[in-house]
1. Expressed in nm², what is the orientationally averaged projection area of the convex hull enclosing the Cα positions of the chain?
2. Using a simple spin-label model with points 7 Å from Cα along the Cα→Cβ vector, what separation in nm is obtained for residue 49 and residue 188?
3. How much FRET efficiency would the formula 1/(1 + (r/R0)^6) give for residue 263 and residue 225, where r is the Cβ-Cβ distance and R0 is 45 Å, rounded to 0.05?
4. From the phi angles alone, apply the Karplus equation (6.51, -1.76, 1.60; θ = phi - 60°) to the range 228-235 and give each ³J(HN,Hα) in whole Hz, x where the residue is Gly or Pro.
5. Return the single residue from 190, 212, 315 with maximal mean-square fluctuation; model: Gaussian network over the chain, springs between Cα atoms under 10 Å.
6. Averaging the inverse of every distinct alpha carbon separation and then flipping it gives the Kirkwood radius. What is it for the range 1-136, in angstrom units?
7. Starting from the Cα-Cα distance between residue 101 and residue 307, subtract it from 0.36 nm times their residue separation and give me the gain in nm to one decimal.
8. With every protein chain in place, what's the accessible area of residue 274 (1.4 Å probe, Å², nearest 10)?
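The values are calculated or read from the model by the stated rules, or taken from the named source; none is laboratory data. Note that the structure is predicted; figures quoted are calculated from it, not measured. Heads up, the Cβs are rebuilt from the backbone with ideal geometry, glycines too, and the neighbour counts pull from every protein chain shown. Heads up: the accessible areas ignore ligands, DNA and RNA and are worked out on the full protein's heavy atoms, side chains in. Shrake-Rupley method; radii C 1.70, N 1.55, O 1.52, S 1.80 Å.
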Amino acid sequence: MTEVKVTDELDVLVVGGGVAGLSAALTLARARRSVLVIDSGEPRNAPAAAAHGLLSRDGLPPLELLRAGREEVVGYGGQIVADRAVSARRVTGGFAVETERGRSFRARRLLVTTGLVDELAPVPGLRERWGRDVLHCPYCHGWEVRDRPIGVLGGSPASVHQALLFRQWSPEVTLFLHTGEDLAEEQWERLAARGITVVDGEVTGLVVVGDRLTGVRLASGRKVAVEALAVAPRFVARGELLSDLGLATVEHPLGVGEYVASDASGLTDVPGVWVAGNVTDVMGGLAAAQAAGTQSAAAINADLVNADADAAVARRRAAATGGVFSAANEAAVCARVLGERRHGLDSPPRSEGPARA
């Protein structure tokens, strides 16, 4: 992690140094804003060998992607510190964030890109193989397990949809009902029409040979061969920091977890506080997180542009003698807008062209 000297006054403080946070910081730094990123170094996709679906960077290891992103941010004058933000509060002129290492940073605007936590089903072995051959996103990992026997762990509202999705990548898909309820007649029909096998019974463990998943074990003792297992985690946004500011996570309308609500730009219900990436879009991938970071950064910069203009107008009015429409103010406006084309007794003489013969 690159660390540089921290300025006393910041335009924007970004909490979270993943793809969304670094994308926002890069955009803000290029907009000549003072920006600092606080990152605890716990990227959600760290267990994965490669990041996929990101144009021109497909297959790059996730940690290498973040390293390159940090270098770009610092190259434009952005600042990055390795620490964990533990509290946030509103102060005069903006926000203050305290960290685990006892530091305090202040900024006019706050962007939180802390991501989410994947809560996996309590099946032994899932966490150890998470991001390798236990996965959830076909767009992230489907190509890597194409044409192999794929299992789908049931028990989630999204399980049937997930099985139908992975059928696009392999003709050998098995849905394990696990602890889920029995399927509706229409669901049985759709699965059968796509040739997806359905297995009843609770999954109690994984079968691993060497360092390779080869199957799942049912409570009955039966083993079913699979080489990849798709699961549907509960996505829980890391929104603890925002609770200090009165923002709480809310249940996702699809029943897949909890997120922090915001508008399209990432602005929350608390003025001056934005969110981007998986903390607000729990189902978004890398490309979506990158785009969200850029979009939030543009919105924050626009907000600061307006605030800077308002402050400049207030200062100008306070310094004016004789009121806003005084002769001095009118002359100053004319000088700025019209330059040599302005009229009046104190106007500079126009330069004359060469005399004609």
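1. Numbers: hull surface 115.4 nm².
The Cα convex hull of the chain, projected and averaged over all directions, gives 28.8 nm².
2. 4.0 nm
3. Working: r = 47 Å, r/R0 = 1.05.
In this case the efficiency is close to 0.45.
4. With the stated coefficients, the range 228-235 comes to 8, 10, 8, 10, 10, x, 8, 8 Hz.
5. In this elastic network of the chain, the residue with the biggest mean-square fluctuation among 190, 212, 315 is 315.
6. Numbers: mean 1/r = 0.0626 Å⁻¹.
Radius from the Kirkwood sum: 16.0 Å.
7. Values: separation 206, 0.36 × 206 = 74.16 nm, distance 3.20 nm.
Value of the extension gain: 71.0 nm.
8. 10 Å²
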